[in-house]
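Take a look at the structure below.
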Amino acid sequence: MLENILEVNGLYKAYANSDFGLNNISFSIPSGSIVGFIGENGAGKTTTMETILGLLRKDSGQIKLFGEEVDSLEGAMKEQVGVVFDHMNFSKDLVVGKLSNVLSNIYQQWDEATFFHYVRHFSLPKKKKIKDFSRGMTMKLALAVAFSHDSKLLILDEATAGLDPVARDEMLDVFLDFVKDREHSILLSSHITTDIEKIADYLVFIKKGRILLRVSKRDLLENYAIVQGKSSEIAKLHNVIAHRDMGDVTEALVADKASLPIELNQLDFSIDAITMLLMKGENHERAIVK
Ligand SMILES: Nc1ncnc2c1ncn2[C@@H]1O[C@H](COP(=O)(O)OP(=O)(O)OP(=O)(O)O)[C@@H](O)[C@H]1O
């Protein structure tokens, strides 16, 4: 079995009219896994996804899909990569049945039965024109489409953002089901870190165009901790990933928690808390993923 469905190595992308740029982005998506892509507004998640997809031209770096280097996923992506952004453009005058006809001409592997399975599953109206769909309904439709052309990889940018909590929870189960056969994978960006906490196998944290931390959820839960102490105590630690001065005390995200001095206070640990520390704190240069 193929180890990684997607590998990104040393990706750079600058915008002509902005000082933002992707800076040496590297990560991979193992077969059968869900990778959560986490970062605050403007961190570069969409830019990374669009560059991988070939919607933006990369400056340099390597992208491998199914083990083969591709210039971008644009050619390869049509069938094998399902994409959902939070701004989807369907032919808005269509109803879902007509949309299925149109898509069957675009995708060689269009699977009408699967599409209508999801249309029913997501309770999408069959007679309403897509232009009259709510934002959440449009997102569900986009996901139904992504699931129905035999994609092996889904790239989902804030794809659950417009969904109500019940629908979001159902969607997470559909994602888990999608990767269950170990041959499908998902790259998912979301600001709802509890969703990521629930379903992701790996986490990639990005800030200002750089990857700060790539870690499996299991490793994170087993070996990392958030600690609080005097800045002099924190300064003595050798395994700090990021720290944040909070007035009298300093908080730090540390790896290898087994080696911590026992007197150090450990705080509640959640992906939200880690995200806050990584995004708002000082990131230790040696910990930044090269
Ligand atoms: N077409 C563009 N031209 C110039 N700068 C751009 C362009 N598109 C995005 N940017 C800049 O790139 C940076 C990263 O934006 P990006 O949309 O990739 O972030 P993001 O992590 O997806 O954010 P969000 O969570 O808000 O969606 C931002 O500073 C943004 O202003």
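The values are calculated or read from the model by the stated rules, or taken from the named source; none is laboratory data. Treat the numbers as computed from the prediction; the structure is a model and nothing was measured. Positions of Cβ are generated from backbone atoms using ideal geometry, with glycine treated the same way; all protein chains shown enter the neighbour counts.
Annotations for the structure displayed:
- In segment 203-223, the residues that are farther than 22 Å from residue 280 by Cβ and in the same structural domain as residue 26 (by TED's automatic domain parsing) never reach a residue that is part of a helix (DSSP H, G or I) and within 16 Å of the ligand (Cβ to nearest atom) with C-beta atoms less than 6 angstrom apart, at least six apart or across chains.
- Test result for residue 56, touching a residue at least 24 places away in the same chain (Cβ under 8 Å) and either assigned to a loop (DSSP other than H, G, I, E, B) or outside the structural domain of residue 190 (by TED's automatic domain parsing) (or both): yes
Okay, residues lined up against (1) part of a loop (DSSP other than H, G, I, E, B); (2) under 22 Å from residue 31 (Cα atoms):
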position: 127; (1), (2): yes, no
position: 131; (1), (2): no, no
position: 156; (1), (2): no, yes
position: 161; (1), (2): yes, no
position: 170; (1), (2): no, no
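- Looking only at segment 73-94, and only at residues there that are without any contact (Cβ under 8 Å) to a residue 60 or more places away in the chain and within 16 Å of the ligand (Cβ to nearest atom), the one that is surrounded by the fewest Cβ atoms within 10 Å (Cβ to Cβ): 87
- Members of segment 190-204 that are buried (at least 21 other Cβ atoms within 10 Å of the Cβ), at pLDDT below 95 and closer than 21 Å to residue 53 by Cβ: 190, 196
- Selection within segment 35-67 - charged (D, E, K, R), near the ligand (Cβ under 7 Å from one of its atoms) and at pLDDT 95 or above: 45
- Scanning segment 236-280 for residues that are of a type in the set (Ser, Thr, Tyr) and touching a Gly at 6+ places or on another chain (Cβ under 7 Å) yields a single hit, 250.
- Boolean, residue 174 is on the phi < 0 side of the Ramachandran plot, surrounded by fewer than 18 Cβ atoms within 10 Å (Cβ to Cβ), assigned by TED's automatic domain parsing to the domain that holds residue 205 and β-branched (Val, Ile, Thr): yes
- For segment 7-34, taking the residues that are among the polar types (S, T, N, Q) and touching a residue at least 40 places away in the same chain (Cβ under 8 Å), the one that is farthest from the ligand (Cβ to nearest atom) is identified as 31.
- Just one of the numbered conditions (1) touching a Ser or Thr at 6+ places or on another chain (Cβ under 6 Å); (2) surrounded by fewer than 17 Cβ atoms within 10 Å (Cβ to Cβ); (3) within 26 Å of residue 136 (Cα to Cα) is not true of residue 38: (2).
- Filter result (of a type outside the set (A, V, I, L, M) and surrounded by 13 or more Cβ atoms within 10 Å (Cβ to Cβ)) within segment 246-265: 250, 251, 257
- Residue check for residue 113: closer than 23 Å to residue 35 by Cα, assigned by TED's automatic domain parsing to the domain that holds residue 89 and among the small types (Gly, Ala, Ser): no
- Condition check for residue 231: of a type in the set (Gly, Ala, Ser) and at pLDDT 90 or above: yes
- Sub-8 Å Cβ pairs linking a first residue in segment 126-141 that is more than 18 Å from residue 101 (Cα to Cα) and in the same structural domain as residue 161 (by TED's automatic domain parsing) to a second residue that is of a type in the set (Asp, Glu) and not in a helix (DSSP H, G or I), at least 6 apart or interchain, are 136/164; 139/86, ordered by first then second residue.
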